[in-house]
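Enquirer: Starting off with a structure, shown below.
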Amino acid sequence: LNSISHTYPGESEAALRDISLTLGDATVTALVGPNGSGKTTLALVLMRLAAGEMQGEVEIGGQRIDTLPERTLRPLRAGFQMVFQDPFNSLSPRMSIAEIVGEGLWLHHSQLSDEEHRAAVIGALQDVGLEPAQVLHRYPHELSGGQRQRVAIARALVLKPRLLVLDEPTSALDLTVQLQVLKLLVSLQQKYGLSYLLITHDMGVIRALAHRLLVMKDGVVVEQGAVEEIFMTPASAYTRELLAASAWRDAV
Ligand code: ADP
Ligand code: MG
């Protein structure tokens, strides 16, 4: 992302101002910032899903995607996928898990036979730790929150993306389930050499699994760099506050 600014329709103020960042291959980049600072907007701009006016350049795998017509972009979309905060709202209630996970495959790999399609769906469900026979014919409301988020991850993973954008992927889950889903995300990242943009409020999670960190406030990036360096010598007052708050919480 290069010099990105973004303004929503009908808004006078920009939600993002002059943001530049590079997400490395096989790298976990965490994004932290207060509510309303523009984290989700940045994720949507990267996915080319944000409504409104964008300035700047978005390049994925060496290719400018901000200038492509949607028709040309569509086949490339398999390569960058997003997992949303609330799996209940992001999964269609009227589709079975088999349909949800398989839908993108029909779109992106229409040449697959029925058996190949089925095998890919089963493989993706196994990858996220679900028992295919138990979930394939179920509907989202029949699953737990953690299972639903695993389905959302499988739906992305089945397309073999290189980049996953994870927008607070565990914040709607119980604490113990959060840990399990985070462990799953770590193992998938390592297994497939995925690049993650991980939006989270949890500095403990960032310390445990991110390589790089981006701190946003009021639509601008106030700090970015290697996680260890920022934890050791935070440059912005806001980052220092975040670290102090998380140390306080750990001590309680
Ligand atoms: P975060 O994810 O960090 O909480 P958002 O990216 O959701 O922040 O929001 C950034 C700013 O953009 C906020 O001021 C928010 O009110 C505004 N915003 C978000 N979505 C829209 C929208 N669809 N239309 C207009 N303004 C929006
Ligand atoms: Mg958000």
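Enquirer: Work out the length of the dipole vector of segment 45-129 about its Cα centre, built from +1 on the beta-carbon of each Lys and Arg and -1 on the beta-carbon of each Asp and Glu, and round it to the nearest 20 debye. Kindly include the intermediate steps, with their values, before the conclusion.
Expert: On the way: 7 positive and 12 negative charges, 26 e Å.
Charge dipole of segment 45-129: 120 debye, to the nearest 20.
Enquirer: Moving on to the next point. For VAL165, what charge total do you get from the other residues with a beta carbon under 13 Å from its beta carbon, if Lys and Arg give +1 and Asp and Glu give -1? Kindly include the intermediate steps, with their values, before the conclusion.
Expert: Details: positive: LYS39, ARG48, ARG77, ARG162; negative: ASP167, GLU168.
Within the 13 Å Cβ shell, the charges total +2.
Enquirer: Between segment 172-190 and segment 67-109, what is the C-alpha centre distance in whole Å?
Expert: If you average the Cα positions of each part, the centres end up 21 Å apart.
Enquirer: May I ask which residue of HIS137, HIS211, GLY10 lies farthest towards the positive end of the charge dipole of the chain, with charges of +1 (Lys, Arg) and -1 (Asp, Glu) on Cβ and the Cα centre as origin?
Expert: About the Cα centre, the residue reaching furthest to the positive side is HIS137.
Enquirer: Quickly estimate the mean residue ellipticity at 222 nm for the chain, helices only: each DSSP H run with n ≥ 4 gives -39500 (n - 2.57), and the total goes over all residues, rounded to 500. Provide the component values of the computation, followed by the final result.
Expert: On the way: 11 runs with 105 residues, N = 252.
Value at 222 nm, helices only: -12000 deg cm²/dmol.
Enquirer: For the chain, with only Lys/Arg (+1) and Asp/Glu (-1) charged at the beta-carbon, what is the dipole magnitude about the Cα centre, in debye rounded to 20?
Expert: On the way: 22 positive and 28 negative charges, 71 e Å.
The dipole magnitude comes to about 340 debye.
Enquirer: Still on this model: Could you tell me the extents of segment 187-238's C-alpha atoms along the three principal axes, largest first, rounded to whole Å?
Expert: 36, 24, 17
Enquirer: If we count every other residue with Cβ under 14 angstrom of ILE19's Cβ, Lys/Arg +1 and Asp/Glu -1, where does the sum land? Provide the component values of the computation, followed by the final result.
Expert: On the way: positive: ARG17, LYS39, LYS217; negative: ASP18, GLU57, GLU59, ASP66, ASP218, GLU223.
So the surrounding residues net to -3.
Enquirer: Follow-up question, since we're still on this one. Report the net charge of residues surrounding SER187, where surrounding means a beta-carbon distance below 14 angstrom and charges are Lys +1, Arg +1, Asp -1, Glu -1.
Expert: Around SER187, the charge tally is +2.
Enquirer: How long, wide and thick is segment 107-196, going by the Cα atoms along their three principal axes, in whole angstroms, largest first?
Expert: Cα extents, longest axis first: 40, 31, 19 Å.
Enquirer: I need the P(r) histogram for segment 1-109: all alpha carbon pairs, bin width 5 Å from 0 out to the longest distance, whole percents.
Expert: Computed distribution, short to long bins: 2, 9, 18, 21, 20, 16, 10, 4, 0.
Enquirer: Taking N as the number of residues in the chain, what is its Cα Rg relative to 2.2 N^0.38 Å? Intermediate results must be reported in sequence, preceding the final value.
Expert: Values: Rg = 18.5 Å, N = 252, 2.2 N^0.38 = 18.0 Å.
Taking N as the residue count of the chain, the ratio is 1.03.
Enquirer: Karplus couplings for segment 195-201 from phi (6.51 cos²θ - 1.76 cosθ + 1.60, θ = phi - 60°), rounded to Hz, Gly and Pro as x?
Expert: Once rounded to whole Hz, the list reads 9, 10, 10, 10, 8, 7, 9.
Enquirer: Which number comes out as Rg/Rh for segment 121-252 once both Rg and the Kirkwood Rh are worked out on C-alpha atoms?
Expert: 1.02
Enquirer: Would you be so kind as to identify all helices of the chain, as entire DSSP H runs, whose Cα atoms reach 15 Å or more along the helix's own axis and whose mean Kyte-Doolittle hydropathy is at least -0.5? Walk me through the numbers before you get to the answer.
Expert: Details: long enough: 97-108 (18 Å, 0.89); 114-127 (20 Å, -0.55); 145-157 (18 Å, -0.26); 175-192 (26 Å, 0.60); 237-251 (21 Å, -0.21).
Once both thresholds are applied, what remains is 97-108, 145-157, 175-192, 237-251.
Enquirer: In the chain, what % of DSSP beta bridges are antiparallel (nearest 5)?
Expert: Details: 14 of 31 bridges.
About 45 percent, rounded to the nearest 5.
Computed from the coordinates by the stated procedures, all read-outs in this text should not be read as laboratory data. Because the structure is predicted, anything quoted here is derived from the model rather than measured. FYI the Cβ positions are ideal-geometry reconstructions off the backbone, even for glycines, and counts take in every protein chain you see.
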